[in-house]
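See structure below.
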Amino acid sequence: MFGDISGMMGKLKEAQEKVEETKKRLNTVLIDETAANGNIKVTVTANREIKAITVNEALLEDKEELEDYLILTLNKALKRAGEINEQELAIAAKSGMPSIPGMDFFK
């Protein structure tokens with residue numbers, strides 16, 4: 001009725017290992033985002049970890065403007081990182097999943 005349970009468990013474990021490998025690899029994928037004509041640069045990993053923020057000194061004179069640009073730039077970078085993260089993890093999970101009728105979550 002359920003087929004080869006141990007084979008399915010092996011495939012599930014393989015899928016979990018692929019997801020973990022992908023998470024580690026995503027720490028090395030860097031996403032750069034700039035704003036304010038290049039006066040702010042943000043670098044994040046595909047795991048949504050901020051690695052660097054560079055601010056041109058000209059923006060240091062206006063605290064509100066700097067804060068606004070930082071929020072906009074960080075949000076854009078983190079959105080891109082999230083999209084890459086979700087796509088890569090879905091691919092990794094799907095590649096190792098056993099074929100179980102009615103359980104196709106990763107279309």
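The values are calculated or read from the model by the stated rules, or taken from the named source; none is laboratory data. Please read all numbers here as calculations on a predicted model, not as lab measurements. For neighbour counting, all protein chains shown are included, and Cβ atoms are generated from backbone atoms with ideal geometry for every residue, glycine included. For the accessible areas, the whole protein counts, side chains as well, though only heavy atoms, and no ligand, DNA or RNA atoms are used. Shrake-Rupley method; radii C 1.70, N 1.55, O 1.52, S 1.80 Å.
Points worth noting:
- Segment 88-101 residues that are at pLDDT 85 or above and open to solvent by less than 70 Å² (accessible area, probe 1.4 Å), paired with ones that are of a type outside the set (Lys, Arg) and not in a helix (DSSP H, G or I) (beta carbon under 9 Å, 6 or more apart): Glu88/Val29; Glu88/Ala46; Ala90/Phe106
- Considering segment 32-72, the residues that are among the charged types (D, E, K, R) and under 23 Å from the mean Cα position of the chain (by Cα) include one that is farthest from Gln87 (Cα to Cα), namely Lys41.
- All strands (runs of 3 or more DSSP E) inside segment 2-57 with 3 or more residues being touching a residue at least 24 places away in the same chain (Cβ under 8 Å) and open to solvent by less than 90 Å² (accessible area, probe 1.4 Å): 30-35, 40-45
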